[in-house]
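J.: Before anything else, here's the structure in question.
The values are calculated or read from the model by the stated rules, or taken from the named source; none is laboratory data. Computed from a predicted structure; not experimentally measured. All Cβ positions, glycine included, derive from the backbone under ideal geometry; neighbour counts span all protein chains shown. Remember, those area values only see protein heavy atoms, side chains included, never the ligands or the DNA or RNA. Shrake-Rupley method; radii C 1.70, N 1.55, O 1.52, S 1.80 Å.
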Amino acid sequence: MSAPSAARLWYKVTLRRSTIGLPETTKVQVKRMGLTRMQKSMVMPATATNAASLLKIKELIEVENVTLPTGVRPKVALKNLHAARKPFAGFAITGNALQKSWQ
């Protein structure tokens, strides 16, 4: 009998401020985390090493604790989170009336 899949804790890190004018060490730290442009989000495991790295650039980022199911890749889970938060467009396309009228 297999154990139920437990959820793991991850950090969702979003770069909120620019690195323009900051020391080169700070810029390197931000790029090392994969944050290459503003408003970009990355998901990384909640470990002590990652927490220490986040503390070095805490003024530039926003961090959320996210629980991801085991066995799901972080990139896929992040896309699923974005899709779940996307609002409904307010209408649905049921068919193409133009094609029916021309036939």
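J.: Right, A52: out of contact with any strand residue (DSSP E or B) (no Cβ under 8 Å at 6 or more places or on another chain), of a type in the set (A, V, I, L, M, F, W, C), open to solvent by 80 Å² or more (accessible area, probe 1.4 Å) and not in a strand (DSSP E or B) or not?
T.: The answer is no for A52.
J.: Here is a list: T67, T36. Which entry is open to solvent by 30 Å² or more (accessible area, probe 1.4 Å), part of a strand (DSSP E or B), closer than 21 Å to L81 by Cα and of a type outside the set (K, R)?
T.: Just one listed residue meets the conditions, T67.
J.: Next question. Checking G71 against (1) within 10 Å of the chain's Cα centre (by Cα); (2) touching a residue at least 40 places away in the same chain (Cβ under 8 Å), which single condition isn't satisfied?
T.: Here G71 meets the rest and fails (1).
J.: Right, another one. Can you pull out the residues in the range 22-40 that are more than 15 Å from the chain's Cα centre (by Cα) and among the hydroxyl-bearing types (S, T, Y)?
T.: T25, T26
J.: If you don't mind, another one. Suppose we filter A83, A77 for residues that are part of a helix (DSSP H, G or I) and in contact with a strand residue (DSSP E or B) (Cβ under 9 Å, 6 or more places away or on another chain); which single one remains?
T.: Answer to the selection: A77.
J.: So, of the residues in the range 8-33 that are surrounded by 11 or more Cβ atoms within 10 Å (Cβ to Cβ) and in a loop (DSSP other than H, G, I, E, B), which turns out to be modelled with the lowest pLDDT?
T.: Among them, the one singled out is M33.
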